[in-house]
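First comes the structure, then the notes that go with it.
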Amino acid sequence: MSLAEDPSTTSRIALPKVKLPELLQRRDGSMTRELLLKPGQHGLGMTHDSMVADTTTTATCGYCSTGCGLRLHLRDGEAVGLTPETQYPVNLGMACPKGWEALRVLDSDERATTPLLRDANGKMQPIEWEAAFTTFVDKMRGVQEKHGQDSVAFLSTGQIPSEEMAFLGALARFGMGLRHGDGNTRQCMATAVTAYKESFGFDAPPFTYDDFEQSDCLIFIGANPCIGHPIMWERVLRNPNTPEIIVIDPRRTETAMAATQHLQVKPKHDLAILYAITKLLIDNGYVDRQFVEGHTNGFEELCEHVSQFDVDTVAHAAGVSVGSLEQVAHTIGTRKAVSLWWTMGVNQSYEGTRTAQAMINIALITGNIGRPGTGANSITGQCNAMGSRLWSGTTNLLGHHSFASEEDRQKVADVLGFDSECIPTTSSWRYDRIIEGVRNGEIKALWVIATNPAHSWIDQADVKELFGKLDFLVVQDMYDTTETAEHADLIFPTAGWGEKEGTFINSERRYGLLKKVRRAPGQALSDFQILRGIAHYWGVGEQFAEWTDPEAVFRIMQRASRGQPCDITGIDGYAHIDRCGGIQWPWTEADAAATGSSEPPQQRRLFEDGRFFYDDGKAKLIVDDITPMPEPPTQKYPVTLLTGRGTVSQWHTQTRTKQSPVLGMLYPQEAYVEINPVDADEWEIVHGDTVTIESRRGKIEANACVTATVRRGQAFIPMHYAETNQLTLSHFDPHSGQPSYKDCAVRITPKDPQSK
């Protein structure tokens, strides 16, 4: 008897009387036509009807700094699907899950589709764009009239195109007269920027992705590219040189599991470890004396400083063996092409700048720079963090000029056609100082663009409370459901990736093209058009008359870059970038003339001639004293909490990735904490238990993940969950102002200790 015929089931379910073969294979009806595959055009292989494309085009992915090329499948001018671009020099036909789902997140029900204004009852109400612009201008000017010109600030992003960043910075600071504005790039890349500027004389990542395949020794410090930058890791896997892979990280990360050497150091001992390795390199004669004498300054000071770092003492304090340090130094000293790579594990540290410079020092003294497979190489975080560094007009004047230089201010003013008097003589307050300005009542209105500080900023509960002190908060975002949008008085709905044009700059300095292949939903506008509207209603539209579209701004950026290390005057517009599969800076008019070709070589490194950006052409070797951990473990809070990337399918605050059902199936939906098995036994915690994690700032719950990837006395929570930054300690690198997210003291207990 079949289930459908069983009388005992009829009161509960009613199944159609269908023969078993028909259940297994239906030849007509719902979905069968959609699932039927047939040969596709444009090299797309087999597709089904819903994915049939008229043509394809290539655009740069808008998630991480890798800058992959995605082939967008267009029908009637709109993208209906995508695949990785096989000819793009970055990813060579590969894409991570986020890239594959880049179009899906545009269709979310949480998209902001109309301007919203909070009414007298505290409810958000839809308004028209004219009312939105008028309200923005009236409220911002009202705050300035009441509290002073400098009482309004903006917080920007590394997620929007360079042209929008340039427009935002120029409009806010040169048009509206706002003194202070910073970007969330401060949270990911400020340390690398500062380290490069001080060591090289300019913010200049020297590498190209081909170096992943050319090195015979790759060292990853505070970096987990298996998860954070998987396409870069795929490039490592293509390396034909059987390279040594050395990982220095407190966790046994996925990258560490694939390494040939893993130094599982105690948290915040990386700077001492690097100084001890430097001492071993010097003591064992692994220094390239000719390069050091001809191309660096400060070697004697470096030698004197690292002589203090006794290898036995450092190894014991860091929890590693002396032999492991000696092996790393020997590997560096005897390999032909050594590259050192770092990401947030270094940058997000209270002594991150000096740690980055310790890696730069090692590359310099061993001559591992300017050659294939070498370099001290910072892997950027966001898709356009480097665009923010060069073009946001916050810390640096456009094109990485200096606000303090009269010559630079005049040059930029001439390029823009502005009166130089409108350009400030000082850079903005840093992000943390702007937040303190809110606390102190100095900042009374805030304009937040494409970022989510109510989730991402360190010591989250504090910043949420401070938002309540503002007279006016404007949020400009593609979703109106972010944690920051919940606090907003006015929301501007924006277009996202794939719905506007511009350029991103990836980790290897490559300008890639963003293309409009979808219409933004409802009344949402590109950030560029919103800025044009604000300029008009603020009364400075004529000042920005040349800023008509993104490519027009790109031409302005080219003029501003002339003569700078990041000169891009040799690029012949967007079509040139598109044709070449992206173009690395610098590419100058002189470069194009000298090569006799408009097509630049795809893989170009900096410092091949051994000249750096200081007047004497030499790099600086920089050292400093070790700084104690600001909040070490105690008897009450005995665990050091680490944070970082969780899975390849999560991104930052999950504003976008949570909109994809596919990505949502690839990572845990609830926060989890990695705990060492011995600690778990001692605390009577079983894998899968709900536990309480408490710091001096907050208390959260998470699921216990009992694993040997962390050492005793340590725990790890992915940064993507909204709860994580309720715990983190608000402290910063003194040189870069970057928050130190990866060290604070917590205690972990079962959710209900009485039940044990």
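The values are calculated or read from the model by the stated rules, or taken from the named source; none is laboratory data. Values in this document were obtained by computation on a predicted structure and should not be read as measured data. Positions of Cβ are backbone-derived with ideal geometry, glycine not excepted, and every protein chain shown enters the neighbour counts. Accessible surface is based on the protein model in full, side chains and every heavy atom, while ligands, DNA and RNA are left aside. Shrake-Rupley method; radii C 1.70, N 1.55, O 1.52, S 1.80 Å.
Assorted remarks:
- Filter result (more than 30 Å from N377 (Cβ to Cβ), of a type in the set (K, R) and outside any loop (DSSP other than H, G, I, E, B)) within region 482-538: R532
- In the condition set (1) free of Cβ contacts under 8 Å to residues at least 40 places away in the same chain; (2) among the aliphatic types (A, V, I, L, M); (3) open to solvent by 20 Å² or more (accessible area, probe 1.4 Å), L666 is compliant with all but (1).
- Residue match in region 448-464 (condition: touching a Lys or Arg at 6+ places or on another chain (Cβ under 7 Å) and assigned to a helix (DSSP H, G or I)): yes
- Hits in region 387-413 (condition: polar (S, T, N, Q), buried (at least 22 other Cβ atoms within 10 Å of the Cβ) and farther than 22 Å from Q159 by Cα): none
- So T113, is it within 12 Å of L490 (Cα to Cα) and open to solvent by 30 Å² or more (accessible area, probe 1.4 Å): no
- Among the candidates G181, G201, G175, the residue that is crowded, with 24+ Cβ neighbours inside 10 Å and either of a type in the set (G, A, S) or out of contact with any helix residue (DSSP H, G or I) (no Cβ under 9 Å at 6 or more places or on another chain) (or both) is uniquely G181.
- Close pairs from region 409-430: first of a type in the set (V, I, T), partner in a loop (DSSP other than H, G, I, E, B) and open to solvent by 60 Å² or more (accessible area, probe 1.4 Å), Cβ under 9 Å, at least 6 apart: V415/R562; T425/A404; T426/R179; T426/A404
- Any helices (runs of 4 or more DSSP H) falling wholly within region 252-350 and containing at least 3 residues that are farther than 30 Å from Q187 by Cβ and open to solvent by 20 Å² or more (accessible area, probe 1.4 Å): 270-283, 289-295, 299-306, 311-318, 322-334
Residue by residue, here is whether (1) touching a strand residue (DSSP E or B) at 6+ places or on another chain (Cβ under 6 Å); (2) without any contact (Cβ under 8 Å) to a residue 24 or more places away in the chain; (3) of a type in the set (V, I, T); (4) under 22 Å from R611 (Cα atoms) holds:
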{"residue": "A153", "(1), (2), (3), (4)": "yes, no, no, no"}
{"residue": "S156", "(1), (2), (3), (4)": "yes, no, no, no"}
{"residue": "S162", "(1), (2), (3), (4)": "yes, no, no, no"}
{"residue": "A166", "(1), (2), (3), (4)": "no, no, no, no"}
{"residue": "H180", "(1), (2), (3), (4)": "yes, no, no, no"}
{"residue": "F207", "(1), (2), (3), (4)": "yes, no, no, yes"}
{"residue": "F212", "(1), (2), (3), (4)": "no, no, no, no"}
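- Residues in region 675-697 that are in contact (Cβ under 8 Å) with a residue 12 or more places away in the chain and either open to solvent by 20 Å² or more (accessible area, probe 1.4 Å) or of a type in the set (S, T, N, Q) (or both): 15 in all.
- Residue count for region 364-378 satisfying the condition of being closer than 15 Å to V306 by Cβ and either open to solvent by 10 Å² or more (accessible area, probe 1.4 Å) or within 25 Å of the chain's Cα centre (by Cα) (or both): 1.
- Of everything listed in (1) touching a residue at least 40 places away in the same chain (Cβ under 8 Å); (2) touching a Gly at 6+ places or on another chain (Cβ under 7 Å), the single unmet condition for Q149 is (1).
- Filter result for L70 (touching a strand residue (DSSP E or B) at 6+ places or on another chain (Cβ under 7 Å) and either within 28 Å of A223 (Cβ to Cβ) or modelled with pLDDT under 95 (or both)): yes
- Residues located in region 414-430, provided they are open to solvent by less than 20 Å² (accessible area, probe 1.4 Å) and farther than 20 Å from Q149 by Cβ: L416
- Any chance G570 is surrounded by fewer than 18 Cβ atoms within 10 Å (Cβ to Cβ) and either part of a loop (DSSP other than H, G, I, E, B) or within 27 Å of the chain's Cα centre (by Cα) (or both): no
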